[in-house]
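Let me begin by presenting the structure, written as structure tokens, before commenting on it.
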Amino acid sequence: DWTPSALLKSQFLIGIDNQRIINYENSYSTLQPYSNYQLTIPNDNVRLKVSGNYVLEIYNNYYELQFSRRFIVYKDVVKVGGTVKRSRDFNYLDKKQTVQFSINSAGFPWVNPKKEVKVAIIQNYQWSTTINNIVPQYTLGNQLVYKYDKETSYFGGNEFLNFDTSDLRAPTAAISRIEFMDVYHHYLFTNTYRYNTPYTYFPDINGDFVIRTLQGENVSREAEYTMVHFTLPYTNRIGLEEVYVYGKFNNYALNDENKMVYNDKTGNIEASLLLKQGFYNFKYVLKAADGTIQNSTVGGDFHFTENNYLILVYYRNFGDLYDGIIGV
């Protein structure tokens, strides 16, 4: 659950963690100047000693937090096998998927797995979707078996929408027009609501994005930044709820930058984001007054939808101060 452990820094880290990022390249011949920074862990200054959940924080010269990213370090000790099935819950037959899995201990010496082993299930690498506090239903030889239905079920959502700005000047299927001002502006076709239409399969990359450009060879320093314009018709179905466009490209964050704003001239809600050239997946989501996220209001939920599911296996031995990860 990402609660900080009671470990001392010296117990999980070797070296110095507060270090300047010195590996960077400045952009070359781009309309929008930028610098591309790279950091590899472990490196000459720092190494990690134990497996588990980690948070990387990036600060500017004034020690102001710019952003943070979660990552995991794991030991490949146990094997995890899983399947995704249609939910057996009669109320959600057409909307939900159930993740069922087993953990093969391969002789791992746990004594009381219901106490020592924890699991986390994550949909499309979006940490806010995590399901945890699930104990094995039973053991079968060396296997811990989790064949829940409701407890490990997810709304299927719909396939992600996408656009491709790899070619600055040529509109692709999702782009209606391109304009050049201070930078290139890519206007996407107005998207439609899919909650009341039949499910249609089209391949996506489950919310991910890939930086690429046809105007250069080194995407780290030759890809341009373009202004991408998103449009969705306003309907009474939205009401006063806040609508956001998000994906892995912004770490599934909901903030003012990706919040959609009503345009009284067009009757649409709109958002504009400065994004590096590439292929992007995205979705429209609603944020209710109580803070909950509603994925289905615009896109709908279908049990057919293809999603990625990540299963993390945590182990805490008696007396340990942290949960290590022993399988994925």
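Per-structure values
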{"quantity": "Cleavage-rule hits, chymotrypsin sites (Phe, Trp or Tyr not before Pro), region 45-109, DSSP coil, Cβ neighbours within 10 Å at most 13", "calculated": "TYR62, TYR63"}
{"quantity": "Estimated FRET transfer efficiency when R0 is 51 angstrom, pair ASP182-ILE41 (beta carbons, to 0.05)", "calculated": "0.90"}
{"quantity": "Ellipticity estimate at 222 nm from DSSP helix runs (n ≥ 4, -39,500 (n - 2.57)) divided over the chain, nearest 500", "calculated": "-500 deg cm²/dmol"}
{"quantity": "Table column - 3J(HN,Hα) (Hz), region 176-181, Karplus curve with 6.51, -1.76, 1.60, x for Gly and Pro", "calculated": "7, 7, 10, 10, 10, 10"}
{"quantity": "Dipole of the chain [Lys/Arg +1, Asp/Glu -1 at C-beta], most positive-end residue of SER5, ILE41, TYR199", "calculated": "SER5"}
{"quantity": "Region 185-258-region 1-48 distance, computed between alpha-carbon centres (Å)", "calculated": "28"}
{"quantity": "Rounded to the nearest 20 debye, dipole of region 1-124 from Cβ charges on Lys, Arg, Asp, Glu", "calculated": "680"}
{"quantity": "Simple Cβ-charge dipole of the chain, Lys/Arg +1 and Asp/Glu -1, about Cα centre, in debye nearest 20", "calculated": "1040"}
{"quantity": "At most 12 other Cβ within 10 Å, DSSP loop - GluC sites (Glu not before Pro), region 33-118", "calculated": "GLU64"}
{"quantity": "Extension gain, LYS49 back to ASN308 (0.36 nm per residue minus Cα-Cα distance, nm)", "calculated": "90.3 nm"}
{"quantity": "Of LYS49/LYS75; LYS118/LYS150; LYS49/LYS248; LYS95/LYS283; LYS96/LYS283; LYS96/LYS147, those spanning more than 20 Å from alpha-carbon to alpha-carbon", "calculated": "LYS49/LYS248"}
{"quantity": "For mean projected area of the Cα convex hull in nm², calculated from these coordinates, the label among [x] 20.4; [y] 18.6; [z] 16.7", "calculated": "[x]"}
{"quantity": "Base-10 log of normalised Debye intensity for region 9-73 (one unit scatterer per alpha-carbon) at q = 0.17, 0.27, 0.28 Å⁻¹", "calculated": "-0.74, -1.35, -1.38"}
{"quantity": "Kirkwood-Stokes translational diffusion coefficient of region 20-149, alpha-carbon pairs, 10 °C, 1.306 mPa s, µm²/s", "calculated": "84"}
{"quantity": "Cβ-derived FRET efficiency at R0 45 Å, ARG86 paired with PHE318, nearest 0.05", "calculated": "0.70"}
{"quantity": "Residues in region 44-69 that a label on VAL77 would reach, taking backbone N under 19 Å of a point 7 Å out along Cα→Cβ", "calculated": "48-54"}
{"quantity": "Under Karplus coefficients 6.51, -1.76 and 1.60, residue-wise ³J(HN,Hα) of region 121-132 in Hz, glycine/proline x", "calculated": "10, 10, 9, 6, 6, 9, 4, 5, 8, 4, 10, 9"}
{"quantity": "Theoretical FRET efficiency, 1/(1+(r/R0)^6), r = Cβ-Cβ of ASN142 and THR197, R0 45 Å, to 0.05", "calculated": "0.45"}
{"quantity": "Selection from ILE293, ILE326, TYR309 lying farthest towards where the dipole of region 277-328 points positive, charges on Cβ", "calculated": "ILE293"}
{"quantity": "Values of log10 I(q)/I(0), in the order q = 0.13 Å⁻¹, for region 161-299 under a Debye, Cα-only, solvent-free model", "calculated": "-0.57"}
{"quantity": "Options TYR146, ILE134, TRP110, ranked by Cα towards positive dipole end of the chain, top entry (Cβ charges)", "calculated": "TRP110"}
{"quantity": "At most 15 other Cβ within 10 Å, DSSP loop - trypsin sites (Lys or Arg not before Pro), region 1-52", "calculated": "ARG20, LYS49"}
{"quantity": "Hz values of 3J(HN,Hα) by residue in region 221-234 - Karplus curve (6.51, -1.76, 1.60), Gly and Pro given as x", "calculated": "10, 10, 6, 7, 9, 10, 8, 9, 10, 9, 9, 9, x, 7"}
{"quantity": "Rel. contact order, % - alpha carbon contacts under 8 angstrom, at least six apart, region 161-299", "calculated": "30"}
{"quantity": "Check: region 161-299 dipole with +1 on Lys, Arg Cβ and -1 on Asp, Glu Cβ, in debye", "calculated": "280"}
{"quantity": "Relative contact order (%) - criterion: Cα under 8 Å, at least six apart; region: region 78-148", "calculated": "29"}
{"quantity": "Counted charge near ASP320, where neighbours are those whose Cβ lies closer than 13 Å (Asp, Glu -1; Lys, Arg +1)", "calculated": "+1"}
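A short reminder: the numbers here are calculations on the coordinates, not readings from a lab. Worth saying up front: this structure is predicted, and the values here are computed from it rather than measured. A quick note on method: Cβ atoms are made from the backbone with ideal geometry, for glycine too, and the neighbour counts reach across all protein chains shown.
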